[in-house]
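I have placed the structure first, in the form of structure tokens, so that the comments after it can refer back to it.
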Amino acid sequence: MPSNAGSRSSEYTALHQAAEGSWPVLPAERNWGLVGISGVTLSAGIAAWSYAIGGAVSWYLAAGLGTIAMIAGSLVGMYFVTLAAMPVSVKYGIDTIAACKPQYGTRGFGFGIFAQYASIVGWNCLLLIMFGQAAANVLHAGGVIGSSTVHPLSIAITLVTIAYTYYLVIGGADSIRNNSVWIAVAVSIAGAMVLIRLIMQFGWSDIANAKPAYASGDLHLDYTLGFEILVATVISWWPYMGGIMRMSKSVKQALFPSMILLGMITGVIGLIGLYAGLATGNPDPSISFVKVTGLWMGIVAVAFIALANIGTAIVGVYATAIGLKQIPALQYRLSWKWTTALILGPVAIVSAFFSAPFMNHILTFMYFLGLVFAPITAVQAVDYYMFRKQKLDIEALYDSSKQSKYYFWGGINPAAFVATAVGFFFYWYLLDPVTYAQHFPFKWISATVPTVIVSGFVYWLVTRAVVIPARKGGYEE
Amino acid sequence: MPNAQGMGEVARKLTLTEQPGQGAEVRAELDRLLKERLQLVATDPQYVGAEPTRGDQWMLALVGLVAPAVLLILGWVIYAK
């Protein structure tokens, strides 16, 4: 275990990083050029969860329409994130969580942190369960273990990996969390190995002609579902957008990295998961990848998947722990060890007891991302462009007292929470994340896009009718 | 600005941190650093960066809305037979 001195150092570092990470970056510190910001966004964008996203699309769509839906969906999802979170971060050098205080309030901004927390717990469940299953499947393919042992062993491997992740994070995993470039390389190598073997083994024509496993029979509906999966998952980049883009010197410089290297790349890397799922008939990358690579290459692929998934998990846990440490109630009361446990604990519980249901219902998690983040981006965009006219009071962002412009009522802006709740239920009506039942007009307009519009309108209405007349929120100036 | 009131109370609540009292010291230090930073922000004439131009907004809409819409329509025309 890490020493007490190491833990104390992690605690100190975490408090500093949590606080300073939310502070405005000065012009002299915004020193990433186009190459620098492109490298950071590309290494962040190439993440192992893209394979699972592609695998999920292979439930509904064949290669041709699936490719189109994934690329288009990733661009649309990132459009909303970029519109809402990027210009404010570039202009003021602040991160996304700090930038949502003018909408949700000086206490209500904790909702943004909670959304980040919930999404990263879900993604880490996916990554670590996927790795455990891939490792167990390789051992099964090699005849090392019988089929009855695959499930318990995959759980055991996942739990050991979670424990190892915990150990690295509480020890102050500086060297690992700073190596997102190497994680991106590992993801790319694993993906390239699978793609090459896939084409050698099946041939492009077989992949292109493969039928999706769970197509509804209504191609238009399946097309919209595939598109929605990408929009909903890519929009969950929202919490991370500002942390990267505030180091950019201008919006013009940040546009391409944001849209293409962070957004579209999720769709592009996910294509490997789509093709592997279609070729093998199994949308779960932990199974399809092993089927494609075979035993020996499978072992190598699993090694890269381990590096990629554990690395991605550590980066996510660290970023989320820093986020949780920005909540005043937790900042000085919860140690670094307990903060890390708060993130990995639910992952361990899901992995131990619900790994099969979680992986079987991975779409539920993905749709929930759209359901939560679509209203948030809408509220932020409407507030920033229509009400604030792209101007924030920086000092008020860091003032949690009643005198702050962004205190509203008890530190909470009801307009933002009403709009978010309406968006939540509207999305649920269009596309039920639990049962996957959809209602008109989902097939024609999807779910995330109209949810953004409805939430934005409700926020505009409540702010105009209630908040501004009450002279709250600093709008009257 | 965050105030220093209740620091003693915060320190007493450090039941889960490894070193009681460390939190209060760090908080005081962070409060001081934040004040310094906000002072720099207030006095730096170049602090506020540029807003997106109309051209930037159009480019963003073109890549994020128009191009995907065209792709989706083309994909449907080509593959949905």
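The values are calculated or read from the model by the stated rules, or taken from the named source; none is laboratory data. Small disclaimer: the values here were computed from a predicted structure and weren't measured. A quick note on method: Cβ atoms are made from the backbone with ideal geometry, for glycine too, and the neighbour counts reach across all protein chains shown. What goes into the accessible areas is simple: the full protein's heavy atoms, side chains included, and nothing from ligands, DNA or RNA. Shrake-Rupley method; radii C 1.70, N 1.55, O 1.52, S 1.80 Å.
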* So which of A:S248, A:S288, A:S216 ends up being open to solvent by less than 10 Å² (accessible area, probe 1.4 Å), small (G, A, S) and out of contact with any Gly (no Cβ under 8 Å at 6 or more places or on another chain)? -> A:S248
* **Residue list for the range A:10-26, restricted to those being in contact (Cβ under 8 Å) with a residue 40 or more places away in the chain and part of a helix (DSSP H, G or I)** => A:S10, A:E11, A:T13, A:A14, A:L15, A:Q17, A:A18, A:A19, A:G21
* Asked: Could you give every pair whose Cβ atoms fall below 7 Å, whose first residue belongs to the range A:328-339 and is more than 7 Å from chain B (Cβ to nearest Cβ), and whose second residue is open to solvent by less than 50 Å² (accessible area, probe 1.4 Å) and assigned to a loop (DSSP other than H, G, I, E, B), counting only separations of at least 6 or pairs across chains?
  -> A:Q331/A:K325; A:T339/A:K325
* Asked: Across the range B:20-45, what is the total count of residues that are closer than 19 Å to A:L397 by Cα and either hydrophobic (A, V, I, L, M, F, W, C) or within 7 Å of chain A (Cβ to nearest Cβ) (or both)?
  -> 11
* Which of the residues spanning the range A:66-89 are closer than 13 Å to A:A210 by Cβ and open to solvent by less than 10 Å² (accessible area, probe 1.4 Å)? -> A:G66
* With (1) of a type outside the set (D, E); (2) touching a residue at least 40 places away in the same chain (Cβ under 8 Å); (3) more than 26 Å from A:I71 (Cβ to Cβ); (4) open to solvent by 20 Å² or more (accessible area, probe 1.4 Å) as the list, and A:F304 as the residue in question, which single condition is left unmet? -> (3)
* Looking at (1) open to solvent by less than 40 Å² (accessible area, probe 1.4 Å); (2) more than 27 Å from B:Y47 (Cα to Cα), can you tell me which one A:A396 breaks? -> (2)
* Flag for A:V35 being in contact with a strand residue (DSSP E or B) (Cβ under 9 Å, 6 or more places away or on another chain) and more than 16 Å from A:M359 (Cβ to Cβ) -> no
* In the range A:442-465, which residues are open to solvent by 70 Å² or more (accessible area, probe 1.4 Å) and not hydrophobic (A, V, I, L, M, F, W, C)? -> A:R464
* Within the range A:27-66, count every residue that is closer than 22 Å to A:S205 by Cα and in contact with a helix residue (DSSP H, G or I) (Cβ under 6 Å, 6 or more places away or on another chain). => 12
* Asked: helices (runs of 4 or more DSSP H) wholly in the range A:27-110 with at least 3 residues that are within 9 Å of chain B (Cβ to nearest Cβ) - which ones?
  -> A:63-92
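For (1) in a helix (DSSP H, G or I); (2) of a type in the set (A, V, I, L, M), each residue gets a yes or a no:
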| site | (1), (2) |
| --- | --- |
| A:I349 | yes, yes |
| A:L363 | yes, yes |
| A:Y367 | yes, no |
| A:F373 | yes, no |
| A:A378 | yes, yes |
| A:Y384 | yes, no |
| A:K389 | no, no |
| A:L392 | no, yes |
| A:E395 | yes, no |
* Asked: So A:A134 fits all but one of (1) at pLDDT below 95; (2) open to solvent by 10 Å² or more (accessible area, probe 1.4 Å); (3) among the hydrophobic types (A, V, I, L, M, F, W, C); what number is the exception?
  -> (2)
* Check the range A:263-282 and report whether any residue there is open to solvent by 10 Å² or more (accessible area, probe 1.4 Å), closer than 30 Å to B:D56 by Cβ and away from chain B (no Cβ under 14 Å). => yes
* Can you name the number of the only condition in (1) in a helix (DSSP H, G or I); (2) open to solvent by 70 Å² or more (accessible area, probe 1.4 Å) that A:T435 fails? -> (1)
* Asked: Pairs under 8 Å by beta carbon, first residue at the interface with chain A (Cβ under 8 Å from one of its Cβ atoms) and acidic (D, E) in the range B:55-81, partner open to solvent by 90 Å² or more (accessible area, probe 1.4 Å) and in a helix (DSSP H, G or I), six or more apart or different chains?
  -> B:D56/A:K252
* Structure fact -> Counted residues in the range A:320-332 being assigned to a helix (DSSP H, G or I), hydrophobic (A, V, I, L, M, F, W, C) and either surrounded by 20 or more Cβ atoms within 10 Å (Cβ to Cβ) or touching a helix residue (DSSP H, G or I) at 6+ places or on another chain (Cβ under 6 Å) (or both) come to 4
